[in-house]
Amino acid sequence: VYKRQPYALEEWVQGDSVIYTRNDDYYGEMAPHQTAVLKWSTESAGRLLELQSGNADGMTFPGPEDFETIANDDTLVLLDKPEPNIFYMGFTNTFAPWDDVNVRKAVALGIDRQRIIDTFYPPGSETASHFTPCSVENGCQGDSWYDFDVEAAKALLAEAGFEDGFDTSIYYRDVTRGYLPTPGNVAADIQAQLKENLNINAEVVVVESGEFIQTSSAGGYDGIHLLGWTGDYPHVTNFLDFHFAETNLQFGDPYPEIYEPLLEASRLASADEAAPLYEEANNAIKELVPMVPVAHAGSALGATANVQGAYAPPWGCLLYT
């Protein structure tokens, strides 16, 4: 196994960096550098400063405000990264009031998703019409998502018995991802919109990343959880089947109206034959609202101009040179 890796781990400095050393016993072409260092920083500004100062050769996921800075700097290169992704607001239907579809639908109608994209997302981002990006075959079969409509949202809340709103929580992890470049800002805006539009009082709760994934995967949050997904491979099953399968408890009790057509579609080799089933599943997702798809984020990586062969792959999250 050792001979199959071009670099070997030398040191892990927790919270700061991982240091790799070239593996001279590697069976293939030797790595071009003796040492490779992977550093991390929560804030985009910190990563950009490392790049500008020459302490780093590349950076992942510049913040929306940094795209123009990198593009206008002759010493840097902005690398477009056409990665299929989704950011969404999830609900767990085993907790009240999220067991009421009208409450879930009210939030779907009462959040101005375009405002979030315009304010917090980089160029190339778009408001999600479906959970799966349209660049993935069969991803956008079926009806597009709901338009922003506060009055219709208030009517649904009143019908559910919450004309005066209610108290809830917004859970998220303070981890930068391509699909959610500024998680704290987005959480605060959703909190403000819930109050302004629907009189829903939402406490923002920041959770450690590992705990957040474990709890959300088990359907353990009684409020709204903010999460997303970056595609592993270019097929609609990678988005829909993972999130809405009968075995996935993230949104509470799974919905047979969603997972049954997905299971049938996954057994078909022909994309054309599977299309009506994905239409059925997507329409059921819209009707049942296990989550609100918010954004397909535009994404890019940054590199110094003197790095040769730098590119940003659409499937995967690292800068390759």
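At 1.4 Å probe size, put ILE19, ILE213 in order of accessible surface, largest to smallest.
ILE213, ILE19
Please count, across the chain, the pairs of lysine residues with Cα atoms under 19 Å apart that sit 8 or more places apart or on different chains. For the chain, the number of qualifying lysine pairs is 5.
What is the sum of charges around VAL175, taking Lys and Arg as +1, Asp and Glu as -1, for the other residues whose C-beta is under 14 Å from the C-beta of VAL175? Walk me through the numbers on the way to the answer.
Details: positive: ARG47, ARG173, ARG177; negative: GLU43, ASP174, GLU208, GLU211.
Cβ neighbours under 14 Å give a net charge of -1.
Shape analysis of the range 116-215 places it in the oblate category; the axes a ≥ b ≥ c from the Cα gyration tensor give an a/c of at least 1.5, with a/b not above b/c. Taking label points 7 Å from Cα along the Cα-to-Cβ direction, HIS33 and ASP118 give a separation of 4.1 nm. Note on the chain: Cα-Cα pairs beyond 28 Å make up 46% of the total pair count. Which of the three applies to the range 161-289, rounded, prolate or oblate, going by the alpha-carbon gyration tensor with a ≥ b ≥ c and a/c under 1.5 meaning rounded? Verdict is prolate for the range 161-289. Using the Cβ of ARG22 as centre and a radius below 12 Å, the other residues enclosed give a net charge of -4, where K and R count +1 and D and E count -1. Close amide-amide hydrogen proximity is noted between ALA300 and PHE61, LYS81, each under 5 Å apart and 5 or more residues distant or on a separate chain (H modeled in the peptide plane; Pro and chain starts excluded).
Out of the DSSP beta bridges found with both residues in the range 114-228, what percent are antiparallel (nearest 5)?
Details: 1 of 9 bridges.
Here the antiparallel bridges make up roughly 10 percent for the range 114-228.
The figure for THR168 is an accessible area of roughly 20 square angstrom, using a 1.4 Å probe on the protein chains alone.
Rounded, prolate or oblate for the range 169-211? Axes are the square roots of the Cα gyration tensor eigenvalues, ordered a ≥ b ≥ c, and the cut-off for rounded is a/c under 1.5. Walk me through the intermediate numbers first.
Working: a/c = 3.68, a/b = 1.69, b/c = 2.18.
Judged from the Cα gyration tensor, the range 169-211 comes out oblate (a/c at least 1.5, b/c at or above a/b).
A 1.4 Å probe run over the chain, with the rest of the protein chains in place, finds 48 Å² accessible per residue.
Using a probe of 1.4 Å, the accessible surface attributed to PHE162 totals some 60 Å² when neighbouring protein chains are kept in position.
Using helices alone, I'd like the mean residue ellipticity at 222 nm for the chain: each DSSP H run of four-plus residues gives -39500 (n - 2.57), total over residue count, nearest 500.
On the way: 10 runs with 104 residues, N = 321.
One gets -9500 deg cm²/dmol as the mean residue ellipticity at 222 nm.
Using a 1.4 angstrom probe on the protein heavy atoms only, line up ARG4, ARG47 by accessible area, largest first. Please list the in-between numbers first.
Values: ARG4 160, ARG47 30 Å².
The ranking, largest first, comes out as ARG4, ARG47.
Ignoring ligands, DNA and RNA, what percent of the accessible area of the chain is carbon or sulfur (1.4 Å)? Using a 1.4 Å probe with all protein chains present, the chain comes out at 48 percent carbon and sulfur.
Relative contact order (percent) for the range 54-141, with alpha-carbon contacts under 8 angstrom and 6 or more residues of separation? Please list the in-between numbers first.
Values: 45 pairs, mean separation 23.8, N = 88.
Averaging sequence separation for qualifying contacts and normalising by length gives 27 percent for the range 54-141.
Residues TRP40, TRP12 ordered from highest to lowest accessible area at a 1.4 Å probe: TRP12, TRP40. Its relative contact order, with pairs defined as Cα atoms under 8 Å and 6+ residues apart, puts the range 213-321 at 18 percent. Exposure check, 1.4 Å probe, all protein chains in place: MET30 carries approximately 80 Å² of accessible surface.
Placing dummy labels 7 Å off each Cα toward the beta-carbon, the span from GLU65 to SER270 is 5.4 nm. Using a cutoff of 8 angstrom between alpha carbon atoms and counting only pairs six or more residues apart, the relative contact order for the chain works out to 28 percent. Computed across the range 1-79, the Kirkwood radius stands at 14.3 Å (inverse of mean 1/r, all Cα pairs).
Taking 16 Å as the cut-off, the amide N atoms of the range 214-239 that come nearer than this to a point 7 Å along the Cα-to-beta-carbon line of THR94 belong to 214-225.
Taking each residue as 0.36 nm, the span from ASP80 to VAL206 lengthens on full extension beyond its C-alpha to C-alpha distance by 42.3 nm.
Antiparallel DSSP bridges in the chain: what percent, to the nearest 5? Walk me through the numbers on the way to the answer.
Details: 33 of 41 bridges.
Of all bridge pairs located within the chain, approximately 80 percent are antiparallel.
The values are calculated or read from the model by the stated rules, or taken from the named source; none is laboratory data. All values reported here derive from a predicted model rather than from experimental measurement. Reconstructed Cβ throughout: ideal geometry from the backbone, glycine too, with neighbour counts over all protein chains shown. Just the protein is used for accessible areas: all its heavy atoms, side chains included, with ligands, DNA and RNA removed. Shrake-Rupley method; radii C 1.70, N 1.55, O 1.52, S 1.80 Å.
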